[in-house]
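Note sheet for the following structure.
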């Protein structure tokens, strides 16, 4: 049986906000701390404790909403979502239900298309269970960590688009400093859902996929589910409404729990927290903090700096790279040569040290000085690389590097003439050819002198002196 | 040791500040009195003798150094078993928290200590505040000092019995649906439930968060004014009101008569509770006295007040089912292991909670359940809004609303325990102000047969505590109901 089936995909992304303290408690949270060392009485749900909203978390949540073109609500509410589980100290999670702080929004897919969001809401994280030989242990460090949940509308129809959604979402949120969006650290988590139906028909039965630990897994699990559900439907079967877990080694999904009986979370507005207000001042401040988003920056780099698409792509991948580049240009560097040096050498040094450009000992001003020195002819490409290495290693300026490594080009006749004479006597045939007008032979002679000066002889000065000496006669 | 009268906090604080009395003598007297009499009433479930004496010594030392030991210097105060004082058990009258030692101090309790008060112990209560008689406690019932066969009211019955039995002049309780006012009424005390949010709830174990208020019990309005100094905003409770705190004690003197005061008098709708004849008579007389002092009585209607009891019990139970979900035996409190985690939850909660608490958790869970949520919880929320509007409309025509506090005087222990709905109906007079978040005060206004106290309740607009205290103070200048003492104290 041939069915013209189209997948419909939705994503739910949890992003941990880059605040110092938790959503409702003054405990400082950092992933990877020893278990139960980042826990306040509030996070434990001790009797008598009350949540108090972290204003910084609200500010970052608002910034995320603005970056994703969502409509920030002037007033929203927290609600309690009830279920019993040992990693949930209060027996309920403080989340937002009927009144999220942000409605709508969109995430670019990178090719001019967008995926519309249903909503973004704020909520606190749960702790986690650690299974050991001694039994199951509870680590409540993460309990109360600030999250936003970004819920897409089921508007994606291709697993590759889901991948693009996540790549662009991460780029934007990192760009505006909302979160580092690191899936390995769990600061970005994604659940996907997919249903199949004939194009234009009513949506099919939705299957949720969990245990997705990378963007690639999201895409592969969706591709798998599309194949699996297509097979089920093509065979005349019915897709069960359920949650499935992705097993990356087997490259397949397996049923986790049936969703036939939806869990009843008994939501109601949290009476411990007043309505969440977003003032026009907060909105304006976050709009100002937002800065330029990646897509706008790409457009600007192409026009303002006349950079080719490849350079634009590389320089806008991380906000810090572009910011660094712009400082070099602002100092006076020619954009394309600044870009060349950043893309090749500077980034290589940063990668080797596992840091961002701003964490290098090299300042943007120092790179501009290096570029200027090259333009003036003091350094060759080879000696400039040596100077850069020294500058990165020791945090010095270009002049210090040149002195330390004795990298100045040799231009004076007194130094070069004996070397030229030595080249002529070493390569008499070449000297003859040059004298006869066969200028191709000049390269061999120049190479001879270059080797003798370790590449420091100024090429045009050398050529000038060589020709003069050969025509003048030894 | 000098004879020390434990009835007036203002007198004690004045004497301690002037050096006429030592805080240690006052506290020793209070502890000795508890020792002698508490076994009759079971008002306090634990005395904090060592820490109380240490606090008293610090108060005396401060005074000797020439520092002001604070407006509550040396005043022995009892706190309800649901208020946290670091290092001490706060069990909420429950087996669940019988061993729960507070790792921090409630904001209000800390402010008491900062003002020189001495916390002498914790008082009995209906488990988690759920009850109107202090019979639902893991520590057994508290008895009314006016008649030990009768209840003191509840849920702050232990606090009321402690003050009425003259173990200490002030007790701090909590009032969710009348739990300070009703025991005040039944024990011949003056009790205040402030505006919702006037006092920080941080460190008060939650029963129903949108209704819970810390309240105070004392013999008269003057001592309530003194105690109310601990009110005010708190960064740890974002539902606490960010309003300046008036100088309550100083404000008392600013009214010496009631001329121009309009007191709204509700029609005879008693919410089906069955108003006792003696209560009716005493409160009517009290209104005449207020009128004689210059007040004008005006008729007043709250059209939705007849739904208040069912609205209150739905909302309170719904919130309680959520607030009490944390008692799962995993991190603190009673823990009974089962074969599975679900079984452990069930065992811990079945053993830890008493019958009334379990009843309300079930009721509240049902009210929030899918399919019933809107018709129960949702409907109750809407009625609450209507009731708030009723009060707003009423206060356009009057300054205060008067009613009996409780339809009945103290009833016999065990007489209503098997009929929860009859017990709930007794809260008809107090729950409306709770639902609307308004301040309300109960003051002694007479006695029923058998020397059973009767209270008059005054309800005011939000943040009008000063008016409530002034009116009660004027009334108490001209009457002596509040000076009557149970036989055991004379």
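Quick check: anything in segment B:12-29 crowded, with 17+ Cβ neighbours inside 10 Å, under 29 Å from residue B:207 (Cβ atoms) and more than 14 Å from chain A (Cβ to nearest Cβ)?
Narrowing segment B:12-29 to residues crowded, with 17+ Cβ neighbours inside 10 Å: B:12-13, B:15-17, B:21-29.
Of the ones still in play, those that are also under 29 Å from residue B:207 (Cβ atoms) are none.
There is no residue in segment B:12-29 that is crowded, with 17+ Cβ neighbours inside 10 Å, under 29 Å from residue B:207 (Cβ atoms) and more than 14 Å from chain A (Cβ to nearest Cβ).
When you check residue B:166 against the structure, is it more than 30 Å from residue B:235 (Cβ to Cβ), in contact (Cβ under 8 Å) with a residue 40 or more places away in the chain and within 14 Å of chain A (Cβ to nearest Cβ), yes or no? Spell out how you get there, then give the answer.
Numbers: more than 30 Å from residue B:235 (Cβ to Cβ): yes; in contact (Cβ under 8 Å) with a residue 40 or more places away in the chain: yes; within 14 Å of chain A (Cβ to nearest Cβ): no.
Taking the combined requirement at face value, the residue does not satisfy it.
Does segment B:96-130 hold any residues that are away from every other protein chain (no Cβ under 14 Å) and within 14 Å of residue B:82 (Cα to Cα), and which are they?
Scanning segment B:96-130 gives B:119, B:121, B:123, B:124, B:126, B:130.
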Check your understanding: Just a yes or no: is a residue in segment B:340-351 modelled with pLDDT of 95 or more and more than 30 Å from residue B:102 (Cβ to Cβ)?
Key -> no
Study note, to complete from the structure: Contact list, first residue from segment A:204-224 and assigned by TED's automatic domain parsing to the domain that holds residue A:14, second anywhere and part of a helix (DSSP H, G or I) and modelled with pLDDT under 95, beta-carbon distance below 9 Å, six or more apart or interchain, is A:204/A:233
**Study point:** Residues of segment A:416-453 satisfying the condition of being more than 13 Å from residue A:469 (Cα to Cα) and touching a residue at least 24 places away in the same chain (Cβ under 8 Å)
**Key:** A:448, A:449, A:452, A:453
Point to revise | Among residues of segment A:334-363, those that are more than 13 Å from residue A:374 (Cβ to Cβ) and in contact with a helix residue (DSSP H, G or I) (Cβ under 7 Å, 6 or more places away or on another chain), counted | key: 13
Exercise for review: Filter segment A:72-87 down to residues that are within 10 Å of chain B (Cβ to nearest Cβ) and assigned to a loop (DSSP other than H, G, I, E, B) and give me whichever is farthest from residue B:365 (Cα to Cα).
Suggested key: A:87
Exercise for review: Within segment A:276-289, identify whether any single residue is within 24 Å of the chain's Cα centre (by Cα), closer than 27 Å to residue A:333 by Cβ and surrounded by fewer than 16 Cβ atoms within 10 Å (Cβ to Cβ), and answer yes or no.
Suggested key: no
Point to revise | Set B:261, B:204, B:228, B:241: member being more than 30 Å from residue A:49 (Cβ to Cβ) and in contact (Cβ under 8 Å) with a residue 40 or more places away in the chain | key: B:261
Point to revise | Filtered residues of segment B:59-86 (kept if buried (at least 24 other Cβ atoms within 10 Å of the Cβ) and within 14 Å of chain A (Cβ to nearest Cβ)) | key: B:79, B:80, B:81, B:82, B:83, B:84
Study note, to complete from the structure: When every residue in segment B:47-58 that is out of contact with any helix residue (DSSP H, G or I) (no Cβ under 9 Å at 6 or more places or on another chain) and either closer than 15 Å to residue B:163 by Cα or without any contact (Cβ under 8 Å) to a residue 12 or more places away in the chain (or both) is compared, the one surrounded by the fewest Cβ atoms within 10 Å (Cβ to Cβ) is B:50
Review point. Which condition breaks for residue B:21 when tested against (1) part of a loop (DSSP other than H, G, I, E, B); (2) free of Cβ contacts under 8 Å to residues at least 40 places away in the same chain; (3) within 11 Å of residue B:73 (Cα to Cα)?
Key: (2)
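Residue by residue, here is whether (1) modelled with pLDDT of 90 or more; (2) surrounded by fewer than 16 Cβ atoms within 10 Å (Cβ to Cβ); (3) in a helix (DSSP H, G or I) holds:
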residue: A:431; (1), (2), (3): no, no, yes
residue: A:437; (1), (2), (3): no, yes, no
residue: A:442; (1), (2), (3): no, no, yes
residue: A:451; (1), (2), (3): no, yes, yes
residue: A:468; (1), (2), (3): no, yes, yes
residue: A:474; (1), (2), (3): no, yes, no
Practice item. Considering every residue within segment B:97-104, establish whether at least one is in contact with a helix residue (DSSP H, G or I) (Cβ under 9 Å, 6 or more places away or on another chain) and more than 27 Å from residue B:336 (Cβ to Cβ). Key: no
Exercise for review: Could you run through segment B:185-209 and say how many residues are more than 14 Å from chain A (Cβ to nearest Cβ) and part of a loop (DSSP other than H, G, I, E, B)?
Suggested key: 6
Practice item. Output the residues belonging to segment A:62-87 that are closer than 12 Å to residue A:278 by Cα and out of contact with any strand residue (DSSP E or B) (no Cβ under 9 Å at 6 or more places or on another chain). Key: A:63
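Please go through segment B:425-472 and pick out each residue that is at positive phi and not in a strand (DSSP E or B).
Those that are at positive phi and not in a strand (DSSP E or B): B:437, B:450, B:451, B:463.
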Exercise for review: Sort out which residues of segment B:337-378 are more than 14 Å from residue B:322 (Cβ to Cβ), within 13 Å of another protein chain (Cβ to nearest Cβ), without any contact (Cβ under 8 Å) to a residue 12 or more places away in the chain and in a helix (DSSP H, G or I), and write them in order of number.
Suggested key: B:341, B:342, B:343, B:346, B:374, B:378
Check your understanding: Could you count how many residues in segment B:210-230 are under 15 Å from the mean Cα position of the chain (by Cα), part of a loop (DSSP other than H, G, I, E, B) and within 14 Å of another protein chain (Cβ to nearest Cβ)?
Key -> 2
**Study point:** Evaluation of residue A:53 against (1) facing chain B (nearest Cβ under 9 Å); (2) without any contact (Cβ under 8 Å) to a residue 24 or more places away in the chain; (3) under 30 Å from the mean Cα position of the chain (by Cα) (one fails), failing number
**Key:** (2)
Revision key, fill the gap. Scanning segment A:404-417 for residues that are surrounded by 12 or more Cβ atoms within 10 Å (Cβ to Cβ) and assigned to a helix (DSSP H, G or I) gives A:404, A:405, A:413, A:415, A:416, A:417
Check your understanding: Which one is nearest to the other protein chains (Cβ to nearest Cβ) among residues in segment B:312-330 that are over 24 Å from residue B:421 (Cα atoms) and touching a helix residue (DSSP H, G or I) at 6+ places or on another chain (Cβ under 6 Å)?
Key -> B:328
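The values are calculated or read from the model by the stated rules, or taken from the named source; none is laboratory data. Since the model is a prediction, treat every value here as computed from it, not as a measurement. As a convention, Cβ positions derive from the backbone with ideal geometry for all residues, glycine included, and neighbour counts pool all protein chains shown.
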